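Peer 1: Have a look at this one before I ask anything.
Where a number appears in this text, it was derived from the coordinates with a stated rule and is not lab data. Note that this is a predicted model, so its numbers are computed, not measured. In this analysis, Cβ positions are derived from the backbone assuming ideal geometry, glycine residues included, and neighbour counts consider all displayed protein chains.
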Amino acid sequence: MPEVIIDREKEQEKIRDFLQDVLKGMNGVLYVYGKPGIGKTVVTKHVLNQSDELDDAVSIYLNASALTPNLALKEVYDVICGEDERKLPSPLMIREINRKLLKKNTALVIALDNFDRMDGIENLFWSLNHLMESTGRVVLILISTSEFEIKDKVGSRLFSRLKPEFYKFKLYNSEKLYEILEQRIKQAYGKMIMNSKALLTLCNFIADECNSNVRYLFKLFLESADAASKEGENSIGLTTIEEVIERERQVIAKSSLNEIKNQAPRMYKVLKIISDLQSKQVIYTSLIKEEIRRKGLAISERSLDYYLNTLKSKGLIEFKFVRKNKGRTREIRLKVPSDWF
């Protein structure tokens, strides 16, 4: 956990306010969501660890990606009722958890991370819903990367019972990423080992091309630190960062290319046409349309526009609109090596 949580004051306040309202005697489900690596888990854990309102409550954090519904419930049972090596059925565990909470007049806060990765999550939610309705003062904080996962996972009947309150985590800008990484470097090393231009370049890349993913930011920082160390450098300079970023762009592009090849074959065929035309001439949208007709591919103009915009967003091509033959068209350039195809 970082010593200081940067630029998440509103998010912390939201979770704290939710806990205060619910722990006064109500049940509640708070659904926090946002892009991966932008602080949802860190902020939630920080609030649960620091909140004075939880003096008369038990808080439990669960990472659902490594659990089944029964194992998740068993972890809650072990905390509330004491560890038990037996394999217990869910109804029995819910009954005993309920009894213990009422006897001790204790509230329960469960933070369930990555819940969408758990098979059979609906079974766990029904059990927790039963606990909430029979016990009171039970808070469920759900953490996900998508606003719509819970609706798809649990069905309308259970969703209407849980009545989650939604809260979206915003993306960090490059300035805040700079503050975060600067703080973590000083916390870990006791001093700055990266110059300001290098740090800003890395943060701009993460903000502009990687959805402000802080975990990704740390990963590339460590790679750049290793690269600088191998070169015998005491600090990370701009050249090292640029090399790391360029390698990462290649990795991202190859991953995107493979994803398109496997999941969007028509889009891949359009990209292959661009690759084939690249070495011969300047590529315009009209040339791609001619090749599509010549190859007999069933791709409409609307689909082609969508494919080109998607390929651009994934960094596989770039284009600009230009005047040609008294009209307006795209001038297109492939951004990855032709020998990848």
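Peer 1: List the relative contact order of segment 264-340 as a percent without decimals, with contacts defined as Cα pairs under 8 Å and 6+ residues apart. Before the final figure, lay out each step's value.
Peer 2: Numbers: 69 pairs, mean separation 26.5, N = 77.
Across segment 264-340, relative contact order equals 34 percent.
Peer 1: For segment 216-301, with only Lys/Arg (+1) and Asp/Glu (-1) charged at the beta-carbon, what is the dipole magnitude about the Cα centre, in debye rounded to 20?
Peer 2: Values: 14 positive and 13 negative charges, 172 e Å.
Approximately 820 debye in magnitude.
Peer 1: Let me ask something additional. Taking 7 Å along the Cα-to-C-beta vector as the label spot, tell me the Arg266-Asp17 distance in nanometres, rounded to one decimal.
Peer 2: For the pair Arg266/Asp17, the computed spacing is 4.6 nm.
Peer 1: Expressed as a rounded percentage, what relative contact order does the chain have, with Cα pairs under 8 Å and six or more residues apart?
Peer 2: On the way: 436 pairs, mean separation 56.1, N = 341.
This gives 16 percent for the chain.
Peer 1: May I pose another question? Kindly put Leu177, Leu19 in sequence by how many other C-beta atoms sit within 10 Å of each C-beta, fewest to most.
Peer 2: Working: Leu177 27, Leu19 23.
By the 10 Å Cβ count, ascending, the order reads Leu19, Leu177.
Peer 1: Can you pull the one-decimal nm distance between simple spin-label points at Phe159 and Glu242, each 7 Å off the Cα toward Cβ?
Peer 2: The two pseudo-label positions are separated by 4.9 nm.
Peer 1: What list do you get for Trp126, Trp340 if you sort them by fewest beta carbons within 10 Å?
Peer 2: Values: Trp126 18, Trp340 14.
Placing the least packed residue first, the sequence is Trp340, Trp126.
Peer 1: My understanding is that a pair violates if its Cα-Cα distance is over 24 Å; which of Lys10/Lys103; Lys40/Lys100; Lys40/Lys163; Lys35/Lys197 do that in this structure? Present the calculation step by step, with values, prior to reporting the outcome.
Peer 2: Details: Lys10/Lys103 35 Å; Lys40/Lys100 30 Å; Lys40/Lys163 20 Å; Lys35/Lys197 26 Å.
In this structure, Lys10/Lys103; Lys40/Lys100; Lys35/Lys197 exceed 24 Å between Cα atoms.
Peer 1: Let me ask something else. What dipole magnitude, in Debye to the nearest 20, does segment 264-340 give about its Cα centre under +1 on Lys/Arg Cβ and -1 on Asp/Glu Cβ?
Peer 2: Details: 19 positive and 8 negative charges, 52 e Å.
I would put it at about 240 debye.
Peer 1: Once you put a point 7 Å from the Cα of Val282 and another 7 Å from the Cα of Met26, both along the Cβ direction, what distance in nm separates them?
Peer 2: For the pair Val282/Met26, the computed spacing is 6.3 nm.
Peer 1: To test your reading of the geometry: what angle, between 0 and 90 degrees and rounded to tens, separates the Cα axis of helix 69-81 from the longest principal axis of the chain?
Peer 2: 40
Peer 1: Could you work out how far the C-alpha centroid of segment 73-132 sits from that of segment 209-246, in angstrom?
Peer 2: Here the answer is 43 Å between Cα centres.
Peer 1: Wrap a convex hull around the Cα atoms of segment 9-168, take a quarter of its surface area, and give that in square nanometres. Walk me through the intermediate numbers first.
Peer 2: Details: hull surface 34.7 nm².
If I average the Cα hull's projected area over directions, I get 8.7 nm².
Peer 1: For Glu165, what residues show an amide H to amide H distance below 5 Å, using hydrogens built from the backbone and excluding near sequence neighbours?
Peer 2: Val29, Leu30, Tyr31
Peer 1: Would you kindly compute the Cα radius of gyration of the chain and its largest Cα-Cα separation (Dmax), both in Å?
Peer 2: Values for the chain (Cα only, Rg and Dmax): 25.7, 82 Å.
Peer 1: Taking the Cβ-Cβ separation of Glu85 and Asp55 as r and a Förster radius of 25 Å, what is the calculated FRET efficiency to the nearest 0.05?
Peer 2: Working: r = 31 Å, r/R0 = 1.22.
Using R0 = 25 Å, I get an efficiency of 0.25.
Peer 1: Restricting everything to alpha-carbon atoms, can you work out Rg to Rh for segment 264-340 with a Kirkwood hydrodynamic radius?
Peer 2: 0.93
Peer 1: So, R0 is 25 Å and r is the distance between the beta-carbons of Asp152 and Gln183; what FRET efficiency does that work out to, to 0.05? Show your work: numbers first, answer last.
Peer 2: Working: r = 37 Å, r/R0 = 1.48.
Efficiency computed from Cβ-Cβ geometry: 0.10.
Peer 1: Can you tell me what share of the DSSP beta bridges in the chain is antiparallel? A percent to the nearest 5 is fine. Write out the running numbers ahead of the final one.
Peer 2: Values: 10 of 34 bridges.
That works out to approximately 30 percent antiparallel.
Peer 1: As a test of the formula, what do you get for the chain when each DSSP H run with n ≥ 4 contributes -39,500 (n - 2.57) and the sum is divided by the residue count, at 222 nm and rounded to the nearest 500 deg cm²/dmol?
Peer 2: Working: 13 runs with 194 residues, N = 341.
Helix contribution divided over all residues of the chain: -18500 deg cm²/dmol.
Peer 1: With springs connecting C-alpha atoms under 10 Å apart, model the chain as a Gaussian network and identify which of Ala111, Ala207, Ala72 has the largest mean-square fluctuation.
Peer 2: Ala72
Peer 1: Take the chain, mark every one of the trypsin sites (Lys or Arg not before Pro) that falls in a DSSP loop and has at most 16 other Cβ within 10 Å, then report the longest stretch left between them, sites excluded. Each step should come with its number before you reach the end.
Peer 2: Details: sites that count: Lys24, Arg86, Lys87, Lys170, Lys191, Lys280, Lys326, Lys335.
My reading of the result: 192-279 is the longest stretch.
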